[in-house]
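To keep things clear, I will list the structure first and then write my remarks on it.
Bear in mind that the values in this text are calculations on the coordinates, not laboratory data. A quick note: this is a predicted structure, and the numbers were derived from the prediction, not measured. As a convention, Cβ positions derive from the backbone with ideal geometry for all residues, glycine included, and neighbour counts pool all protein chains shown.
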Amino acid sequence: MKKSPYHVIKESVEFAKQKEGIYGANFVNAILRRYINEVLDVIKKKEPDPSIDMFYRYIINNRSMPFEKNISIGYSFPEWMVIRWLKRYGEEETIRLCAHLNKTPSFTVRIEASDKEKEDIIRHFEKKGIIFKRARFVNDAYYINKLAYVIDDPVFKRGALFVQDEASQLAVIAVDPKKGDVILDACCGFGTKTAQIKYLAKDARIFSIDRDMKKLNKNRNRGNLIKGDVASSPFKKEIFDKILLDAPCSSLGIIRKHPEIKWRLNEKDIVRHSRQQLAMIESLWPSIKKNGFFIYSVCSFEPEETQLLIEELKKKYKFVVEKPLPLLFNNRYFISLPHKTDLDGFFIARLKKQ
Ligand SMILES: C[S@@+](CC[C@H](N)C(=O)[O-])C[C@H]1O[C@@H](n2cnc3c(N)ncnc32)[C@H](O)[C@@H]1O
């Protein structure tokens, strides 16, 4: 049953009076009236907009404390993170970003199969109540509504489906693997991107490197796996046509899927990651052939790990920044801001060595 706010106050005050006497009742009355008045005032100030929820309006109009504190408490984000975003995006967009990162995440799978097999796989899952919706940018990608049921299913275990956000799939599209290419997947982890490269260019020679043996053990790129430190590259000069470095990062772009990230990190970590990313790029750079490509990606949208890093590289190395996804996004870099794209926060740069 819906009750008016004033009705709710009246009942709460009555209840407090019975339990705590007149002082308790006055206290509850004061708190609730102030809260309701502030919320209602705020709502009355602007034209109703269905895309802006009541809480958003309350936060943007509440100036009773420093604004960064207001967002930090209201949306549960560390203050240093909010301050960063406020400087870059302004008030409205920062709130939208925080609100979006608090939403339940959506998941995407990539299916490696013929069109007929794909139809069968989708039908199999749809019979179990899982909805597959064709993704917006990548051909073989589908948004799904229930992840747990998919990964527990024997069809998933057969290995034709990969859980991989569409933004991460776009990094491989930016590699643009071709027949005959010699490609390095640096920081390959379990090999999700190696598999996608292989799928797109069956005749490419792909090497995968990571320092984590447990991840390499699950990687299917048998025969071409290297356990090693990317910041101290074991590779000879000018041997790869393309290098994809999907570098370790602050991971701010995947807070929806891993909300603990925001409380684990501090601002210094962003700088620490950017120094490690630079060391990795510098160590791999000599191994790209002349006119070869370096594709750099991270699940972050912080400038130190993204554009600023590429600007810094420009002072040392000769390369042209190519648009990584000209047919999809005609931008110099691909930067996914989650509240705008509804994908993970992500960055892709494609550098052509001179
Ligand atoms: C963002 S994850 C890569 C995910 C992977 N590319 C994928 O698509 O599933 C970063 C990876 O870097 C690896 N890593 C971190 N520091 C490294 C280093 N110094 N040398 C090699 N690998 C490293 C981690 O083990 C982790 O697998």
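Values as computed for the structure displayed
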| quantity | calculated |
| --- | --- |
| Residue order, fewest to most surrounding Cβ atoms within 10 angstrom, among Trp80, Trp263 | Trp263, Trp80 |
| Anisotropy class of the stretch 89-192 from Cα gyration tensor, a/c 1.5 cut | oblate |
| Cα gyration tensor category, rounded, prolate or oblate, for the stretch 107-163 with a/c compared to 1.5 | rounded |
| Anchor Lys10: aspartates and glutamates whose Cα lies under 19 Å away (excluding residues fewer than 8 positions away in-chain) | Glu20, Glu38 |
| Cα shape, the stretch 227-354, gyration tensor, a/c 1.5 rule | oblate |
| Under 5 Å, built H, 5+ apart or other chain: amide partners of Phe107 | Ile144 |
| Calculated from backbone phi, Karplus (6.51, -1.76, 1.60) coupling profile of the stretch 15-24 in Hz, x at Gly/Pro | 4, 5, 4, 5, 7, 10, x, 5, 5, x |
| Separation between Cα centres of the stretch 196-267 and the stretch 90-137, rounded to whole Å | 23 |
| Mean residue ellipticity (222 nm) of the chain, computed from DSSP H runs ≥ 4 via -39,500 (n - 2.57), nearest 500 | -14000 deg cm²/dmol |
| Loop trypsin sites (Lys or Arg not before Pro), the stretch 250-354, which have at most 12 other Cβ atoms in a 10 Å radius of their Cβ (DSSP) | Lys315, Lys316, Lys318 |
| Which of Ile122, Ile71 has the fewest Cβ neighbours within 10 Å, and the rest in rising order | Ile122, Ile71 |
| Nearby aspartates and glutamates by direct alpha-carbon distance to Lys289 (threshold 18 angstrom, same-chain neighbours under 8 apart not counted) | Asp176, Asp181, Asp185, Glu238, Asp241, Glu322 |
| Counting all C-alpha pairs of the chain, share separated by more than 31 Å (%) | 46 |
| Most positive-pole-ward Cα, Thr306, Ile295, Pro234, against dipole of the stretch 223-319 from beta carbon charges | Pro234 |
